[in-house]
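Everything below concerns the one structure shown next.
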Amino acid sequence: MAAACTALVLSGCSGSDSKSDARTAQGFPQTLTLAAIPAENSTDLKASYQPLIKLLEKETGAKVEFVQASDYAGVVEGIIANNVDLAFFGPFAYVVAGVNGAKITPVGAVIQDQGAKPGYQSYGLTRSSEANINGLKDFAGKKVCFV
């Protein structure tokens, strides 16, 4: 979850539960779907998201349905198909989602120090035999791999 961007898409749904009527009138649906992909060190992914799920339910009045996806592609497709309302994206998955038509709005980003601006730093690595690659523009037309 570290260094992940948060993307939120809210769909306009109406509710009939009087407790959540005020929040539904503000644009929150009765149910929000939160999708996440497993991390290497996560044995119980849903449990690690439980504090966030409780907070979202309290703040929105919506029931949060948690979905564990197997990969980012599944979450991106879920966002595009309007089957997922909330997701944590890394910078590359966020760009891929946007390029492929996902209507997403970032609502938060992890920062290292309080008050710091969110951002992302990436490194381009190449073999030492590729002496002609000295900057980002030199990668143009080359095969690259994103992790």
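Things worth noting here:
- Under 18 Å from the Cα of Lys58 - lysines, other chains or at least 8 residues apart: Lys19, Lys46
- Trypsin sites (Lys or Arg not before Pro) restricted to DSSP loop in region 53-141 with at most 14 other C-beta within 10 Å: Lys103, Arg127
- For Thr33, the residues whose amide H sits under 5 Å from its own are Glu65, Asp85, Leu86, ignoring neighbours fewer than 5 places away on the same chain, with H placed 1.01 Å from N.
Computed from the coordinates by the stated procedures, all read-outs in this text should not be read as laboratory data. In this text the structure is predicted, and so the values were computed from the model without any measurement. Glycine also receives a Cβ, built like all others from the backbone with ideal geometry; neighbour counts cover every protein chain displayed.
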